[in-house]
Amino acid sequence: MLEQYGAEPLPLSEVVAMVGEGAPLLVRRALARAGLHPTTQTTRGGGPGLRPGVDEALARFLKIYDRRIMNHTIAYQGIVESLALSVRRGPLAVLTNKPLGPSIGILEALALRGFFTRVIGGDSEYGRKPDPSGLLALQALAPGEKLVMIGDSPTDYAVAVNANCPFVFARFGFGATKFSEGPPDTPFAIDHPRELDAVLSRL
């Protein structure tokens, strides 16, 4: 997307650090980091010196993303076995800041969609994490049962705090490095998907 505006691509490590709070914010951060300070208006065309409109840049990003979505995407080792155990304890759901369409596409491509009763994307009526609305709505899948958030990032932890529910910290996730001020305040942490079932037993 940046190359279409005449800018150099950013190092992968920098882009990873920008991920986690939805595609619009990712695009804004990438544009700013590349020196393409976006306008609030939609602009047309591309090339050096253009100040891209946020809406247009986001549309370009999502089009590229849809085309390349599975180029480097794989499931964590052991995740299938872990989900097969976890789903016996109650309904599972995905709460992500990624748009719903790509989220479902990834789950289907990885043969994981069947484990989840519901998928809520960042473009839903509930807004994006750390807004707890989406997480609290999932309680309706199992009224009276304990709601548990499993995640790897400060945003995941914040939504669990905002929803007043336990947080299981997946330390193997790429978002774990974003806890720059120390790990989240939770007694539940796992270093591999196979450890999840034991933690859920404790909960």
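Just so it is clear, none of the values below were taken in a lab; they were calculated from the coordinates. All of these numbers come straight from a predicted model, not from anything done at the bench. In this analysis, Cβ positions are derived from the backbone assuming ideal geometry, glycine residues included, and neighbour counts consider all displayed protein chains.
Things worth noting here:
- The listed peptides 73-79, 104-110, 126-132, ordered by packing as a protection proxy, come out as 126-132, 104-110, 73-79 (highest mean of other Cβ atoms within 10 Å first).
- FRET efficiency, Asp66 to Val15 (Cβ-Cβ, R0 22 Å, nearest 0.05): 0.80
- Think of each Lys and Arg Cβ as +1 and each Asp and Glu Cβ as -1; about the Cα centre, that makes the dipole of the range 57-177 roughly 220 debye.
- Selected from Thr117, Gly151, Leu107, residue furthest toward positive end of dipole (the range 79-202; charges at beta carbon): Thr117
- Amide H contacts under 5 Å for Leu92, placed H, 5+ residues apart: Thr117
- Taken over the chain, the percentage of Cα pairs per 10 Å bin, counting from 0 up to the bin with the maximum distance, is 8, 31, 35, 18, 7, 1.
- Working note: Karplus 6.51/-1.76/1.60 with θ = phi - 60° gives the range 178-184 the couplings 7, 7, 5, 9, x, x, x Hz, where Gly and Pro are set to x.
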